[in-house]
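Notes follow the structure.
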Amino acid sequence: MSKNILVTDVFLRDGLQDEPVVVSIEDRIQIAYQLRDAGIQRMEVASFVNPKRVPQMAGADDIVAQLSQDPGFSPSITSLVLNGKGVERAIAAGDHSIQLVLSASEEHSKANSGQTVDEALQGLISAAQKYPQVEFFAGVSTAFRCPFEGYIPAERLVRIVEKLLQAGITTVGLADTLGTTEPEILAASLDTVLSEFPEATYSLHLHNAHGRALESVDLAIERGVIMFDAALGGFGGCPFAPGAAGNLSTTELVEHLHQQGFETGIDEVKLNAVTATAMQVVDAGEKITG
């Protein structure tokens, strides 16, 4: 088993999207550079969604453009899109990896993207296939449990992963959007998907309502998963998933991994410092009204 674990910090997207403030572009860029200096090798910096629905993500184009055009910025950056329009915006902003996000839950899909699961999946695949030179990967929200439908059958994940692989998308993130899925249930779903499609690369995006996300990390590592999302300070949530808790804290995840002898390339002292900065910029953010 690999001793290297890739931690993607998602504070700049998922961490901010549920906060009642808009953090300035300058402050978000500052966080990105501090994450780089702390040793974060991959970060999610924006989502290309309607700023009227998610005002916290206004300025996504500027952030991706600035970071992608800086030859001295070494970490890989990613963004999130929900539809073809988002794909077009993301590509126009600059060279980076783009996450195609859909829901495993029909009801959450309608709330989040205004489409059925199949509509969202087909629309995203069609948009991505126009750009074979771009690195796309997939993220499946409410992969295990949904605020509207309850537990999601693992067979539904199998169907989604199969269609993604057929479209040439080989890296798939599975998200516990509510953060309430019991680790053993999450692991059972993961086993089902892995048994069907062991050739795919999987990552986990864990929220932490029940305080058991690290148990899920351990079970996933036992199954060969070496990519995990986390957010500075445990910020985050989903505006369209009632009850969604904050993300697994990047600091907690990194400390946990280091204690078990895994390597992340991340400096814990510098990570603590950027976490403090993140809290400050959220406190100083412009309140969203209306």
Quiz prompt | lysines whose Cα lies under 23 Å from that of Lys270, excluding same-chain neighbours fewer than 8 positions away | solution = Lys3
Quiz item: Suppose every K and R has +1 on its Cβ and every D and E has -1 on its Cβ; what is the size of the dipole of the chain about the Cα centre, in Debye to the nearest 20?
Solution: 600
Exercise. Counting other beta carbons within 10 Å of each Cβ, put Ser249, Ser97 in order, fewest first.
Key: Ser97, Ser249
Self-check item: Extension gain, Ser126 back to Asp70 (0.36 nm per residue minus Cα-Cα distance, nm)
Solution: 17.1 nm
Practice problem: Return the distance in nm (one decimal) between the two label points of a simple spin-label model at Ile288 and Thr192, each offset 7 Å from Cα along Cα→Cβ. | Solution: 3.3
Exercise. May I ask you to compute the full-extension gain from Met279 to Ser97, defined as 0.36 nm times their residue separation minus their alpha-carbon distance, rounded to one decimal in nm?
Key: 62.9 nm
Practice problem: Sticking with the crude label model, points 7 Å out along Cα→Cβ, report the distance from Gln41 to Tyr151 in nm, one decimal please. | Solution: 3.6
Quiz item: How do Phe136, Phe11 rank when sorted from fewest to most other Cβ atoms within 10 Å of their own Cβ?
Solution: Phe136, Phe11
Exercise. Mind listing the long-range amide H neighbours of Ser47? Cut-off is under 5 Å, sequence gap 5 or more, other chains count too, H placed in the peptide plane at 1.01 Å from N.
Key: Leu80
Quiz item: Each residue of segment 224-236 in turn: what ³J(HN,Hα) in whole Hz from Karplus with 6.51, -1.76, 1.60 and θ = phi - 60°, glycine and Pro shown as x?
Solution: x, 6, 10, 10, 9, 8, 7, 10, 3, x, x, 5, x
Self-check item: Reach of Lys52 by Cα under 21 Å, taken over lysines that are not fewer than 8 positions away in the same chain
Solution: Lys85, Lys110, Lys287
Self-check item: Label corresponding to Rg/Rh (Cα atoms, Kirkwood Rh) when calculated from the structure given, among [x] 1.08; [y] 0.93; [z] 1.00
Solution: [y]
Quiz item: Nearest-5 percent of antiparallel DSSP beta bridges in the chain?
Solution: 10
Quiz item: Can you give the FRET efficiency for Thr116 and Glu184, using 1/(1 + (r/R0)^6), R0 = 30 Å, r = Cβ-Cβ distance, to the nearest 0.05?
Solution: 0.50
Practice problem: Once you have the Cα-Cα distance between Val134 and Glu88, take 0.36 nm times their residue separation minus that, and quote the gain in nm to one decimal. | Solution: 15.4 nm
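We did not get these values from a lab; they are worked out from the coordinates using the rules stated. What you are looking at is a predicted structure, and each value in this text was computed from that prediction instead of being measured. Glycine also receives a Cβ, built like all others from the backbone with ideal geometry; neighbour counts cover every protein chain displayed.
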